Amino acid sequence: MECSAISAAASWASWICTALGTTTVVDTRKLVLEAVEDSRARHKYKMKLLYYSHGIVSCSYTMRRSDQPGHRHWLLVFDPRRAEIIVAHSLESVSKLFVRNNGRFLYYGTASSANYDSFGQWVIYGFDLTTRTLLNDQLAIPAAIGTDVGSTVS
């Protein structure tokens, strides 16, 4: 397979290539190296595709370095057509993490820990894809409406 960078002007564009004009291949290791500065150190990691819509790919990235306690999590959002990293956002939790987007807004959420009545809640955040900024407010929804986005929560 022969690959060529979509945008030679971007130094990180080597993480993406188009093969035969129809398939887009993403070198996830190079993508992460560009998006998450702390990923340059040796570590174990897990990357999971969360959602794809309107040409935008959303993934979760979790890493664990041997020289630091615990795990660190990121939401990586990129446009493979333009070889563009839209956001690499650090997350406190990836518990039941979900992402949905259209061409202008992206929403992501996680399930929080249980509260006094043994139910957690969904905490949902928004991101304006046009201005590339997080929306100011978060939305908290009781988990009683459902436990899994896509199957019990639409």
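The values are calculated or read from the model by the stated rules, or taken from the named source; none is laboratory data. Everything numeric in this text was worked out from a predicted model, so none of it was measured. Here the Cβ is made from the backbone with ideal geometry for all residues, glycine too, and neighbour counts use every protein chain on show.
Quick rundown of the values:
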{"read-out": "Residue in region 1-43 that is modelled with the lowest pLDDT, counting only those that are part of a strand (DSSP E or B) and under 14 Å from Glu84 (Cβ atoms)", "value": "Ile16"}
{"read-out": "Flag for Ser95 being assigned to a loop (DSSP other than H, G, I, E, B) and at pLDDT 75 or above", "value": "yes"}
{"read-out": "Residues that are surrounded by fewer than 15 Cβ atoms within 10 Å (Cβ to Cβ), modelled with pLDDT under 80 and assigned to a loop (DSSP other than H, G, I, E, B), drawn from region 44-70", "value": "Ser66, Asp67, Gln68, Pro69, Gly70"}
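Condition check ((1) within 24 Å of Leu31 (Cβ to Cβ); (2) part of a loop (DSSP other than H, G, I, E, B); (3) at pLDDT 80 or above) across all residues:
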position: His89; (1), (2), (3): yes, no, yes
position: Val99; (1), (2), (3): yes, no, yes
position: Gly103; (1), (2), (3): yes, yes, yes
position: Gly109; (1), (2), (3): yes, no, yes
position: Tyr116; (1), (2), (3): no, yes, no
position: Ile124; (1), (2), (3): no, no, yes
position: Asp137; (1), (2), (3): no, yes, no
position: Ala144; (1), (2), (3): no, no, no
position: Ser151; (1), (2), (3): no, yes, no
